[in-house]
Each structure stands twice: as structure tokens, then as C-alpha cells.
Amino acid sequence: MIRAILKKGKIQPLDELPSHWREGQELIVEGYEPSDDPADIKKWHDKLLAMSAQIPAEDHERMAAAIDEQDRQTKERMRREMGLD
């Protein structure tokens, strides 16, 4: 299954297209509605955790450090704007 989004009236693939597909080939596109089924939500959650586990620890650490720095800068700016510094 190829994932795609509708953007400005055109269908844009999010995934790489199979090499055997040819220009002008007819395709069938079905819409997707998110599920409220707890089993589907658990499956999605498990998949998300598995993908997250594949991210190197250094990347998690860099992201956490970047978020911490952004928080620090935002608080510093707000204090300046409020005249507290």
C-alpha cells in the first residue's frame, strides 16, 4: 500500500512508488478514516514505539537538548519582554 495525501487538489505520494508502475497507469485510490477501535490504536501505538526504538540514543539526546535550549530562550525572552530581567 502506498500512502499519499491530497494537497491542492492533487494526490501526492508519501512513499516511494514501485519501480514497475508506469506513467499514465490507472490506479485505485481509497480514502482512509482513522479508527477509534482500541485494537487499532494499540497496533498504531506499538508501531510508533518500534519506530522510535530504532532512533539512535544520540538523536534523542540532541533533540532533548534542543528542546531544553528553546525553552530556556523562550523563558528568557518572555522575562525581558515583561521587564523582569
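If you go through the range 7-20 one residue at a time, how many are surrounded by fewer than 10 Cβ atoms within 10 Å (Cβ to Cβ) and hydrophobic (A, V, I, L, M, F, W, C)?
1
Of Arg62, Arg3, Arg77, which residue is open to solvent by 80 Å² or more (accessible area, probe 1.4 Å) and in contact with a Leu (Cβ under 8 Å, 6 or more places away or on another chain)?
Within the list Arg62, Arg3, Arg77, the selection yields Arg3.
Could you tell me which of the residues Asp36, Asp15 is touching a Lys or Arg at 6+ places or on another chain (Cβ under 8 Å) and not in a helix (DSSP H, G or I)?
Asp15
The values are calculated or read from the model by the stated rules, or taken from the named source; none is laboratory data. Note that the coordinates shown come from a computational prediction; the quantities given were computed from them, not determined experimentally. Here the Cβ is made from the backbone with ideal geometry for all residues, glycine too, and neighbour counts use every protein chain on show. Surface accessibility is based on the protein's heavy atoms, side chains included, excluding ligands, DNA and RNA. Shrake-Rupley method; radii C 1.70, N 1.55, O 1.52, S 1.80 Å.
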